[in-house]
Each structure stands twice: as structure tokens, then as C-alpha cells.
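The values are calculated or read from the model by the stated rules, or taken from the named source; none is laboratory data. Everything numeric here is computed off the predicted structure, so don't read it as measured data. Every residue, glycine as well, gets a Cβ built from its backbone with ideal geometry; the counts of neighbours run over all protein chains shown.
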Amino acid sequence: MNEEIDPINRMRAITISREYGSGGGEIASRLARRLGWDLIDHAIVERTALEMGTSTQEAEAHDEYTEGTVSRVLNNMVYLYPGSMVSAPPEAFLSDEDYRSAMNRIVRAAAARGHVVIVGRASQVLLAELRDVLHVRIIAPFEKRVAYVMQREGVDHHTAESRIHLKDHDRARYL
């Protein structure tokens, strides 16, 4: 066995937190491929939706975002006055708390299986107490992030900056 990789194989998981536009997702993908490990990234949203019996679109609405005041009020009304909103589909009332709980179970289960690279989803916080998990943060200068988003998503400078600010804000609130 390659001595360079052997200590890594004793690790249970590697979490990758990243700034939007830093290329962290690509780095995580390359790392997982190089190690021969599973990659848990955006596909975890689909797993969470399946576990919760809701649509992927509804789960995506909660992914690395926080619930707004109006959404919290509507979700609480369902519990206080269940008959008042009978016609709405159940996924319309998926709360951030329920979503995060399901996401947390999936992240912890993936880490328990081992040999997994987990991207985002506050995995560095969820798995902070585990000694056999390596936590990595990928950052880049703001202008490099703007250039990366412009190239990858085919948007102009202003749109790239706006997306970065929005994602940074959402991710900071998510934690």
C-alpha cells in the first residue's frame, strides 16, 4: 500500500467546507476520486428528500438556507390549526428543523460507514467531536471567486458578485 495514502485510510471522513466560487466542490470531487472514497455533495439533498417523503425541489429550498419569518409562521399555523390548510401538499410545510434533522442523520450515517468526503451541509460542525475526521476549509480571494463564478456559470461580473454575497450570507446564517 502507498505509504502516503495509508494514514488517510485510517480516517473515517473528510469534511470540506468552502466559500462559494472557491472551487471547493471540484477539489472535494478530485480528492474523493484520488482516495477511492465516496463523495457526499449535493446528492445528499435528494437522499434527504427521499427520507422525508418530499420532493427534491422542496428539499433544495431548505439546503444551506435558513427559514424566514413568514415560513416559520405558516409552519406553526399548521400545527396550531391543522384543519385550516388542508389543501396544501405536505411538503409545503417542511420546516428547516425537520430538514436539518434528516440531513444530520444522513451525514452522521455516511461518516459512520467511513471513507467518505462530505461537502458542506455543516458537516464540519456535526462531526466536530470525531477524532478520525479531517476538516478542511477551502477559501479564495473575492475577485478569484467572482472570476470562477463568471466562467463556470456564464454570468456577468455584477451577477457573480451578487450570487457570492447571497450565498455567503445564506451559508453564514445556516451554521
Exactly one of A111, A160 is of a type in the set (G, A, S) and touching a helix residue (DSSP H, G or I) at 6+ places or on another chain (Cβ under 6 Å), and that one is A160
Going through (1) at pLDDT 95 or above; (2) under 19 Å from N104 (Cβ atoms) one by one, H42 fails only at (1)
Checked segment 153-174 for anything without any contact (Cβ under 8 Å) to a residue 60 or more places away in the chain and within 16 Å of G25 (Cβ to Cβ); matches are E153
Here, helices (runs of 4 or more DSSP H) confined to segment 70-175 with at least 2 residues that are at pLDDT below 95 are 96-113, 123-126, 157-174
(message) When you check M1 against the structure, is it over 18 Å from the mean Cα position of the chain (by Cα), at pLDDT 85 or above and farther than 29 Å from R163 by Cβ, yes or no?
(response) no
